[in-house]
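Here the structure comes first, spelled out in structure tokens, and everything after it is commentary.
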Amino acid sequence: MSRKSKVSKSSNLVVPPPPQEQISYEGESLACLLKSIERKIESTRLLDTTLPYNTWLKQQFSIGVNDVTRVLECMPPITAKGNTSGQTPLTTTHIYLNKAPPLQLQAILLASDCNPRWLTKHLPSMASSRKVPLIVVKDKKGGSVSLGELVRLKTTIAIGIKVKEVI
């Protein structure tokens, strides 16, 4: 008796891009990074005090896993130059002819102490496909507590830094 080998049809299978290298901060380097971000937030806020703090903060950052995911989903994926899918990639001007362009993220700060892990399991692959750097925050007291302190919350698992619109 011979076994028939199963041949899967992978021609229609979409292969995700290779995972992007994740930058990880902990200890002294994390403290320096968070202080630097905090100073930048304070100095930028001093320049623009027209809006209430929470409203201004939401314009600058995506706070929380759901909000970061929502913004990433609205961003078009970046394809490699050797596009073999046979489809012509759509440009931003073509897609958003009658709409405002979507929000863009410069980077994502992600706490490493998320429990359960499946809450953030999708973020590295989404960030990689959109070429958004992912910075993992590891801390003794908890990365989520450190990130929360940046945005004046008790804890937060993910913060997306939005691209400032230039008019």
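Among the residues making up the range 100-129, those that are of a type in the set (A, V, I, L, M) and either modelled with pLDDT of 90 or more or outside any loop (DSSP other than H, G, I, E, B) (or both) are L105, A107, I108, L109, L110, A111, L119, L123, M126, A127.
Could you list, in sequence order, all residues of the range 117-142 that are over 20 Å from Q60 (Cβ atoms) and open to solvent by less than 50 Å² (accessible area, probe 1.4 Å)? The answer is T120, P124, M126, S128, S129, V136, G142. Of all residues in the range 27-39, those that are farther than 13 Å from L109 by Cβ and surrounded by 10 or more Cβ atoms within 10 Å (Cβ to Cβ) total 6.
Can you pull out every residue in the range 144-153 that is open to solvent by less than 10 Å² (accessible area, probe 1.4 Å) and free of Cβ contacts under 8 Å to residues at least 40 places away in the same chain? Residues satisfying the conditions are L147, G148.
The values are calculated or read from the model by the stated rules, or taken from the named source; none is laboratory data. Predicted, not measured: the structure shown is a model, and the values here were computed from it. FYI the Cβ positions are ideal-geometry reconstructions off the backbone, even for glycines, and counts take in every protein chain you see. Please note that ligands, DNA and RNA were not included when accessible areas were found on the heavy atoms of the full protein model with its side chains. Shrake-Rupley method; radii C 1.70, N 1.55, O 1.52, S 1.80 Å.
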